[in-house]
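Novice: I am attaching a structure below and will ask some questions about it afterwards.
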Amino acid sequence: MRTLIERSGAPDCPYMISKVFSDRPEAPGLAVAAAMGVATQILDPRDHADRAAYDNALGAAIEQDPPALLVLAGFMRILSAPFVHRFDGRILNIHPSLLPKYPGLHTHRRVLEAHEREHGATVHFVTARLDGGPAIVQGRVAVLPDDDESRLAARVQRQEHRIYPLAVGWYCAGRLRQRENLAWLDGKPLEEPVQLTDGNPS
């Protein structure tokens with residue numbers, strides 16, 4: 001979130017962050033966003049009868065000032081299918097693995113336990129299927145012999161900070177869309193996600 005806000009201040013950045021929502025009143029990101037001049041809003045699940053009521057309230061709050069794009073960053077609640085359909089094609093998420101490998105939690109641990117040689121992060125469109133939406137861009141890192149979870153996670157996070165602003169910028173510049181359950185970049189369907197290891201693609 002901090003990186004996205006920081007990048008939004010660049011003169012050539014095609015997006016701005018209009019508001020940060022959180023489901024946790026104690027989330028550190030709320031103070032960070034406020035200090036960086038971004039409006040914040042808390043919607044506590046405990047104030048709502050059930051998941052459907054919460055998602056309805058969140059959707060209504062978002063639509064009070066409708067954004068072009070919803071960007072999930074550390075928002076750990078699983079969004080319901082009705083919520084996803086409400087904002088179909090306008091939600092991005094980042095996941096710390098090279099999807100479709102290792103959806104869900106504890107990805108760094110699972111990668112190490114499987115003795116993988118490569119790991120990374122994936123930006124994807126959000127669909128009703130958990131971590132299963134069309135992949136857009138991946139940042140890759142080598143798994144080193146002396147890696148533990150924290151060292152590996154730190155290197156993956158550096159890639160996350162590169163690829164997420166890139167994908168958000170593509171969308172807000174009109175270059176990226178979701179159609180026919182595929183990610184389309186510059187008018188062409190992505191048969192596989194853009195790969196990033198060294199340097200940024202344009």
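Novice: What are the pairs, 6+ residues apart or on separate chains, where a residue within region 56-77 that is under 13 Å from Val20 (Cα atoms) has its Cβ under 6 Å from a residue that is in a helix (DSSP H, G or I) and of a type in the set (Ser, Thr, Tyr)?
Specialist: Here the result reads Leu69/Tyr171, each pair linking region 56-77 to a residue that is in a helix (DSSP H, G or I) and of a type in the set (Ser, Thr, Tyr).
Novice: Write out, first by first residue and then by second, each pair whose Cβ atoms fall under 8 Å of each other, whose residues are 6+ apart or on separate chains, and whose first residue, in region 98-113, is under 20 Å from Val126 (Cβ atoms) while the second is of a type in the set (Ser, Thr, Tyr) and not in a loop (DSSP other than H, G, I, E, B).
Specialist: Leu98/Thr122; Leu99/Thr122
Novice: Among (1) modelled with pLDDT of 95 or more; (2) closer than 30 Å to Ile62 by Cα; (3) touching a helix residue (DSSP H, G or I) at 6+ places or on another chain (Cβ under 8 Å), which single condition is Arg109 missing?
Specialist: (2)
Novice: Across region 30-82, which residue is nearest to Gln178 (Cα to Cα) among those that are acidic (Asp, Glu) and surrounded by 11 or more Cβ atoms within 10 Å (Cβ to Cβ)?
Specialist: So the residue we want is Glu63.
Novice: Hey, among the residues in region 168-202 that are at pLDDT 95 or above and β-branched (Val, Ile, Thr), which one's surrounded by the fewest Cβ atoms within 10 Å (Cβ to Cβ)?
Specialist: Out of the qualifying residues, it is Val194.
Novice: In region 126-168, how many residues are within 20 Å of Ile5 (Cα to Cα) and β-branched (Val, Ile, Thr)?
Specialist: So the count comes out to 4.
Novice: Out of everything in region 140-199 that is of a type in the set (Val, Ile, Thr) and touching a Leu at 6+ places or on another chain (Cβ under 8 Å), what residue ends up being farthest from Arg129 (Cα to Cα)?
Specialist: Selected residue: Val143.
Novice: Taking the condition farther than 28 Å from Arg175 by Cβ and not small (Gly, Ala, Ser), does His48 pass?
Specialist: yes
Novice: Of the residues Ala57, Ala61, only one is in contact with a His (Cβ under 8 Å, 6 or more places away or on another chain), farther than 28 Å from Thr107 by Cα and modelled with pLDDT of 95 or more; which?
Specialist: That would be Ala57, the only listed residue that is in contact with a His (Cβ under 8 Å, 6 or more places away or on another chain), farther than 28 Å from Thr107 by Cα and modelled with pLDDT of 95 or more.
Novice: Looking at Pro96, Pro100, can you tell me which residue is at pLDDT 95 or above, in contact with a helix residue (DSSP H, G or I) (Cβ under 9 Å, 6 or more places away or on another chain) and not aliphatic (A, V, I, L, M)?
Specialist: Pro96 is the lone residue from the list that is at pLDDT 95 or above, in contact with a helix residue (DSSP H, G or I) (Cβ under 9 Å, 6 or more places away or on another chain) and not aliphatic (A, V, I, L, M).
Novice: Yes or no: region 118-128 includes at least one residue that is modelled with pLDDT under 95 and within 24 Å of Arg175 (Cα to Cα).
Specialist: Within region 118-128 (the criterion being modelled with pLDDT under 95 and within 24 Å of Arg175 (Cα to Cα)), the answer is yes, since at least one residue qualifies.
Novice: From the residues in region 113-143 that are surrounded by 17 or more Cβ atoms within 10 Å (Cβ to Cβ) and of a type in the set (A, V, I, L, M), which one is nearest to the chain's Cα centre (by Cα)?
Specialist: Val123
Novice: Given (1) within 18 Å of Asp23 (Cα to Cα); (2) in a loop (DSSP other than H, G, I, E, B); (3) of a type in the set (A, V, I, L, M), identify the lone condition not met by Ala53.
Specialist: Only one criterion is unmet by Ala53, namely (2).
The values are calculated or read from the model by the stated rules, or taken from the named source; none is laboratory data. None of these values were measured; they are calculated from a predicted model. A quick note on method: Cβ atoms are made from the backbone with ideal geometry, for glycine too, and the neighbour counts reach across all protein chains shown.
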